[in-house]
1. Looking at segment 279-319 only, could you name the residues that are open to solvent by less than 50 Å² (accessible area, probe 1.4 Å), part of a helix (DSSP H, G or I), in contact (Cβ under 8 Å) with a residue 60 or more places away in the chain and not polar (S, T, N, Q)?
2. So, in segment 297-321, how many residues would count as being basic (Lys, Arg), modelled with pLDDT of 95 or more and over 19 Å from ALA129 (Cβ atoms)?
3. Looking only at segment 32-47, count how many residues are surrounded by fewer than 16 Cβ atoms within 10 Å (Cβ to Cβ) and more than 24 Å from GLY63 (Cβ to Cβ).
4. Looking at LYS259 and the list (1) surrounded by fewer than 24 Cβ atoms within 10 Å (Cβ to Cβ); (2) among the charged types (D, E, K, R); (3) assigned to a helix (DSSP H, G or I), which single condition is not satisfied?
5. Scanning segment 63-115 for residues that are in a loop (DSSP other than H, G, I, E, B) and modelled with pLDDT under 95, which turns out least open to solvent (accessible area, probe 1.4 Å)?
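The values are calculated or read from the model by the stated rules, or taken from the named source; none is laboratory data. These numbers come from a predicted model, not from an experiment. Glycine also receives a Cβ, built like all others from the backbone with ideal geometry; neighbour counts cover every protein chain displayed. Surface areas here come from the heavy atoms of the whole protein model, side chains and all, with no ligands, DNA or RNA. Shrake-Rupley method; radii C 1.70, N 1.55, O 1.52, S 1.80 Å.
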Amino acid sequence: MRFLLDDGQRAFAASLDALLTAADPAGVVREWSRGDHASGRALWSRLARAGVFALAVPETYEGGLGPRPVELAVAFVELGRHAVPGPLVETVTAAVLLTGADPGIAERLLPVLASGERMATVAPAGAYALDGDAATLRLSWEPDGIRLSPGHGPVRPSLDPARRLTPLAPGGELLDAPTGQALTWARLATAAQALGVGLALLDRTVGHVRRRTQFGAPVGSFQAVKHRLADAKIALEFARPLVFGAALTLRPADAAAAKVAACEAAYTTARTALQLHGAIGYTAEYDLSLWLTKARALRTAWGDPHECRALVVSAADDRRW
């Protein structure tokens, strides 16, 4: 099945690409990694004005444009392609959770998420929350429900320096918010983000092997290099329809399959990019590292490959019987 974006969706992707290219995202990521959130918050506001976060907020709430999962997937591919930092997936997940909450709470919090005035993080009880130090709305997903966490603990180091991890403070107001499809949306957004990360790694690696010469010829002309790049390209292109298919169905198993395919494709592409760049690929100062570390971190975010595969198999067994 071919999933083709319509003219409006392609224009939306192009506008986000132009916005993010002009924003110097590599510089924003490095500042965010150091705990300087000023440029990241400014970029967050521009993304909100472009309607990115409003896509997860129903139109019945002020500023809401959604729910529009396909357009959200389009946006997150571009966010991944430009390695945008911040609790992007978590803010979308919070919006989905709050949609089913008490109307008073939803009417108070959803408009400020859509407008970018507040950014949110969400984490299961006992797990680290992403960017808890930058988020102004912290939700703890506990066995008895969703709680508004009153604060956060110290920042912990992460494989991806731009993904700053913090424990959430226990307690807080218990929200009457059914979890519903929140995990499905989280996995869909993660899958789309990983697809964008993989596409960026592939583009950068293709450019590198075209410029780099060895034995008087571009490295990219060697058959072994072509094979590695072709494998990465095929994996990413196979993942793309799964991502947009999951956006259309919003079935948990489809989102899990999309996440496995996209994250594994991005991880495969990251390994290829690292090998073909050689020693320079290992250096943190080289911008490639911003995508390499993100590809590895997204692989286990919101469900590791084993967990997602188990859900896909279980759903297939249920349909069979």
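1. LEU288, LEU290, TRP291, LEU292, LYS294, ALA295, ALA297, LEU298, CYS308, ALA315, ALA316 - these are the residues of segment 279-319 that are open to solvent by less than 50 Å² (accessible area, probe 1.4 Å), part of a helix (DSSP H, G or I), in contact (Cβ under 8 Å) with a residue 60 or more places away in the chain and not polar (S, T, N, Q).
2. Residues meeting the conditions: 1.
3. 3
4. (1)
5. By that ranking, first place goes to ALA101.
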